[in-house]
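The values are calculated or read from the model by the stated rules, or taken from the named source; none is laboratory data. Not measured: the values here are computed from a predicted model. Every residue, glycine among them, receives a Cβ derived from its backbone with ideal geometry; neighbour counts consider all protein chains shown.
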Amino acid sequence: MTGGGNRDTTKLLMERSVPGRVGAVLPQPDVPAQPLPDPSLLRTALDLPEVSEPEIVQYFTALSQRNFSIDTHFYPLGSCTMKYNPKINDEVSFLPGLAGIHPLQPPESAQGALELLYRLQGFLAEITGLPGVGLSTLAGAHGELAGMLMMRAYHLARGDTNRRQVLIPDSAHGTNPASAAMAGFDVVTVASDDQGNVDLKALHELVGPNLAGVMITLPSTLGLFDTGIVEVCQTVHQAGGLVYGDGANMNALLGRVKLGPLGFDVVHLNLHKTFSTPHGGGGPGAGPVCVTDSLIPHLPAPVVTQSSGDGAPVYGLAAPERTIGKLSGFHGNFGVLVRAFTYILTLGGEGLRAISGNAVLNANYLMDALKDTYYLPYDRRCMHEAVFSADWQKARGASGLEIVKRLLDYGFHAPTLYFPLIVHEALMIEPTESETRETLDAFIQALRDIDREVTENPELVRGAPHTTPVSRLDEATAARQPDLRWRAAG
Amino acid sequence: MTVSNRAADSSSSAPFQFPYIPNTPDEQAAMLATLGVASIDELFQDIPEEFRNPPLDLPQPMSELEVQKELDGLASRNRALASGPSFLGAGCYNHFIPAIVKALMTRGEFLTAYTPYQAEASQGTLQVIYEFQTLISHLYGMEVANAGMYDGATSLAEGVLMACRVTRRSRVAVADTLSPFYRQVIGTYCQAQGIEIQSVSPSPSPALDGETACLVVQYPNFYGYIEDLAGLTEAAHAQGALIVVSADPMAMGMFQPPGHYGADIVTGEGQPLGIPPSYGGPYVGLFSTKQEYIRQMPSRLSGRTLDNQGRTGYVLTLQTREQHIRRERATSNICTNEALYALAATIYLAALGKQGLQSVAELCYQKAHYAAARIAQLPGYTLPIQGTFFQEFVVQCPVPPNSINRRLLEQNILGGLDLNEAYSNVPPSEGGTTGGSPSQPAGDFTNAMLLCVTEMNSRQEIDALVEALSEFSR
């Protein structure tokens, strides 16, 4: 609960503004006054708030307390891998020799940064079993765009101009079809079978001379390892296509299997999921791409190179010979890459295997404990997350939406809701490895209690949440009459 | 070294413990027992056996103390901006950052939250985004701004794609004074969209026609100079084209914003607003437009509404534009963006406020003009571009800039960008329908250096730069 007066969050910055207040003071000019430009070029009105430093600290601190976060709440948001974000990773990313370096300064003055990036490229190549790595893509979907542009460049470089079709399972993240479309492909949906795997029969019928490739998430968004994955890759390769891997769920696979040997040609990783870098309320992320030898010439620019002269290795930046081009202003989200590098150093190979092992153990523990209370549409061993359906509760009068809102009252963030689209009333729960058994047990108990409430006190569930700073919001009006910024009254 | 070798090489017999994994071996055994499974490895039996548990050649685990030392060592081999004068800009700027920016943005409640899909549990983040949208639209003089893009380059590229959607045209005119890095990112984004990119000279007037979707200009331009936005906007609108501007937010403390001239889409790099250079990222892309185009915008939007008890609250809105609803017909594939740095920029703009942003902009202007005037007096150095500049300017040097920069670095001064190198390092775009690589504008400069002076540079530092440059005077 936040304080009153200025520590109340009701007023916006512009409403707090008092003429004459300042939040920061700059030095006086130390150079002789210079002639000003033509007055017509000069700004006449700058409508920014005037607030003092203590007010800013009080306001933003109060705002922060209106969030759920990993540090304050269990956050089992499926497919988002909301694991603990180590503080050492943040601390090193703020070192002056890492946060305070300019992207265009000469490589000889940034050898430490370049060595870090080069070693990270090597780590990610080892983890995925794919030898080429580009680090410059800024989020998962950005990595997808890079990967699909590489797929396009690969076919065009072979004179294969008719391969316009990309197959995407019906369980895929929405970014997959959106990225394929941005790379100029036509998207065709491929069904899943009754085990949650790609329907191999449907796949065989869809592949043909126009196939550019497939986009596969492994484990799938159902939290399942597709047991037909080798045949999927072989089928696509035999048709002349490439296999794109969405690495959003890589937390399940660290050290357990490498995607390259399975048959994947290009994979993006979400460092802000698997490799513990903080989500920051919706970014920054980093979405490096890892590729087979044949795609290395097409990697986005730049990549980090190492040359060994007479003495110590020298690191530099280079554009691959047939690069798809630059996808970001400079070399990528370096501060995020530093954090992921630090995480891998801390854990080593042994630790990464322990991460996937415990993530999968925790997910199976939850799934097993809840499957008598919530309908489990795919009753088989899960990987890092379990996808339930709220169908049983819906039949008794409470939807999945209402159940997850009620979870907020119990002090738990909601699971991912209504995704994947192929599961009715889907509740997708990903506990991660960094939660204790005590927390998992408390969460299991909460979901069982809510199930009982659906029968005994349905209004309590349907009206949830009751304890959050605001209750259910009017999204329809928000979309019909968008209010997207503060405006002066009258 | 592979994982399996570790035990043999270890002098200690105790198994390594991992601070981020609470489950002890006993707890694991108890949990496995509830599943009727003997080992964690057994949970992975869906992975085909021949691919399961491959060797993993990664370093051994390290303690936090060892990790800290390793990172300190890597950081010490970089020349930090704080260690001496810097005159490098070209899209990333060294500005003062008040302490409260880091103190507030690293609060765990902001730092470790996800995208605010559950509005009731994310009011802090959603209200910050709404504040950000307000301040960015004010800064650019535009009607609406979104929750942010990845960085300035991608924000501009998305602006170009949006202009093509709005006009249903597919020819893009890019001013040759745009950053070559941004020009390249536009090329990459457009390569599969059947969009044709033309380079145009913004002055005296750009060659546009009735097929042009948009005119793309940078403000101030890559060389630091103020473009004639009034004339360029008129020229674009006369052909039914939009004008898409990439504007330095810091310059908005001093110069009329693009919205004042009727710009249609205004994007920018948010890095100058309280975000460390960090070797190129993470930053935040700024994106604003006119109200009439909001349903064509990429990325997230926070909207103000009421809850069922009449209290004000915020939600992600107009989500039917986005990939998780619209899939292959979405306005963009963007999902995770840079919310934490939108927060940083919001705190920065609140702290600097109206007076502070004006002060910083004027300091940059004053110091840059002092430096330029002094350098122009050195024999052999000239300022080849006429016009009004903000904090960056081009200097034609008597010898190649890279040799000057090497000498400056020996004196612990980070010099400006060697423009010849900046353009020659641009790789050709693959497989696109674009008009090739960016080229240096007509009348290209030889031995040209792009210098940047901000409020961080003291008069003493500027004088030291001038002194060092004078060594090459002839």
Could you check, for the stretch B:196-214, whether at least one of its residues is within 11 Å of chain A (Cβ to nearest Cβ) and either out of contact with any Lys or Arg (no Cβ under 7 Å at 6 or more places or on another chain) or not hydrophobic (A, V, I, L, M, F, W, C) (or both)? no
Kindly provide the set of residues from the stretch A:284-302 that are surrounded by fewer than 24 Cβ atoms within 10 Å (Cβ to Cβ), among the β-branched types (Val, Ile, Thr) and not in a loop (DSSP other than H, G, I, E, B), ordered by number. A:Ile296
Please go through the stretch B:107-129 and pick out each residue that is at the interface with chain A (Cβ under 7 Å from one of its Cβ atoms), more than 20 Å from the chain's Cα centre (by Cα) and either at positive phi or part of a helix (DSSP H, G or I) (or both). B:Gly108, B:Glu109, B:Phe110, B:Ala119, B:Glu120, B:Ala121, B:Gln123, B:Gly124, B:Thr125, B:Gln127
Reported set for the stretch A:43-78 where residues are surrounded by 23 or more Cβ atoms within 10 Å (Cβ to Cβ) and among the polar types (S, T, N, Q) is A:Ser64, A:Asn67, A:Ser69
Scan (1) in contact with a Phe, Trp or Tyr (Cβ under 9 Å, 6 or more places away or on another chain); (2) farther than 30 Å from B:Ala373 by Cβ for the single condition A:Val18 breaks and write down its number. (1)
Go through (1) more than 10 Å from chain A (Cβ to nearest Cβ); (2) farther than 30 Å from A:Tyr154 by Cβ; (3) over 19 Å from the mean Cα position of the chain (by Cα); (4) not charged (D, E, K, R) and name the single condition B:Thr177 misses. (3)
Just name the residue that is nearest to the other protein chains (Cβ to nearest Cβ) out of those in the stretch A:294-325 that are under 26 Å from the mean Cα position of the chain (by Cα) and within 30 Å of A:Arg353 (Cα to Cα). A:Pro300
Identify all residues within the stretch B:187-196 that are out of contact with any Cys (no Cβ under 7 Å at 6 or more places or on another chain) and within 19 Å of A:Ala178 (Cβ to Cβ); write none if there are none. B:Thr188, B:Tyr189, B:Cys190, B:Gln191, B:Ala192, B:Gln193, B:Gly194
Does A:Gly143 fit the bill of being touching a Ser or Thr at 6+ places or on another chain (Cβ under 6 Å), more than 10 Å from chain B (Cβ to nearest Cβ) and within 21 Å of A:Pro297 (Cα to Cα)? yes
Qualifying residues in the stretch B:320-331 (those that are more than 7 Å from chain A (Cβ to nearest Cβ) and in contact (Cβ under 8 Å) with a residue 12 or more places away in the chain) - the one nearest to B:Cys190 (Cα to Cα): B:Thr331
Exactly one of (1) within 14 Å of chain B (Cβ to nearest Cβ); (2) touching a helix residue (DSSP H, G or I) at 6+ places or on another chain (Cβ under 8 Å) is unmet by A:Gln234. Its number? (2)
Go through the stretch B:292-317 and count every residue that is in a loop (DSSP other than H, G, I, E, B), out of contact with any helix residue (DSSP H, G or I) (no Cβ under 6 Å at 6 or more places or on another chain) and over 23 Å from B:Pro257 (Cα atoms). 5
In the list A:Val22, A:Val51, A:Val92, which residue meets the criterion of being β-branched (Val, Ile, Thr), assigned to a helix (DSSP H, G or I), within 7 Å of another protein chain (Cβ to nearest Cβ) and over 30 Å from B:Leu229 (Cα atoms)? A:Val92
Mind checking whether some residue in the stretch A:30-48 is touching a residue at least 24 places away in the same chain (Cβ under 8 Å), part of a loop (DSSP other than H, G, I, E, B), more than 7 Å from chain B (Cβ to nearest Cβ) and more than 24 Å from A:Thr468 (Cα to Cα)? no
Count of the stretch B:141-174 residues which are hydrophobic (A, V, I, L, M, F, W, C), outside any loop (DSSP other than H, G, I, E, B) and under 20 Å from the mean Cα position of the chain (by Cα): 10
Of the residues that make up the stretch A:229-243, is at least one charged (D, E, K, R) and surrounded by fewer than 24 Cβ atoms within 10 Å (Cβ to Cβ)? yes
From the list A:Leu156, A:Leu104, which residue is under 30 Å from B:Arg329 (Cβ atoms), within 7 Å of another protein chain (Cβ to nearest Cβ) and aliphatic (A, V, I, L, M)? A:Leu156
Please specify each residue of the stretch B:260-304 satisfying the condition of being buried (at least 24 other Cβ atoms within 10 Å of the Cβ), of a type outside the set (Gly, Ala, Ser), more than 22 Å from A:Leu46 (Cβ to Cβ) and at the interface with chain A (Cβ under 8 Å from one of its Cβ atoms). B:Pro276, B:Pro277, B:Tyr279, B:Pro282, B:Tyr283, B:Arg300, B:Leu301
Can you find a residue that is in the same structural domain as B:Arg171 (by TED's automatic domain parsing) and under 17 Å from B:Gly141 (Cα atoms) anywhere in the stretch B:202-216? no
From the list A:Phe74, A:Phe94, exactly one residue is hydrophobic (A, V, I, L, M, F, W, C), out of contact with any Ser or Thr (no Cβ under 7 Å at 6 or more places or on another chain) and at pLDDT 95 or above. Which is it? A:Phe94
Just wondering, is there one or more residues in the stretch B:94-116 that are crowded, with 24+ Cβ neighbours inside 10 Å, over 30 Å from B:Leu306 (Cα atoms), touching a strand residue (DSSP E or B) at 6+ places or on another chain (Cβ under 9 Å) and modelled with pLDDT of 95 or more? yes
Of all residues in the stretch A:235-278, which are closer than 20 Å to B:Tyr20 by Cβ and among the polar types (S, T, N, Q)? A:Asn249, A:Asn251, A:Asn270, A:Thr274, A:Ser276, A:Thr277
I'd like the residue in the stretch B:373-404 that is touching a residue at least 60 places away in the same chain (Cβ under 8 Å) and under 17 Å from B:Gln460 (Cβ atoms) and, out of all such residues, is surrounded by the most Cβ atoms within 10 Å (Cβ to Cβ). B:Ile375
Check whether at least one residue in the stretch A:326-336 is of a type in the set (Phe, Trp, Tyr), within 11 Å of chain B (Cβ to nearest Cβ) and surrounded by fewer than 23 Cβ atoms within 10 Å (Cβ to Cβ), and report yes or no. no
Any residue at all in the stretch A:356-377 that's of a type in the set (Lys, Arg) and over 18 Å from the mean Cα position of the chain (by Cα)? yes
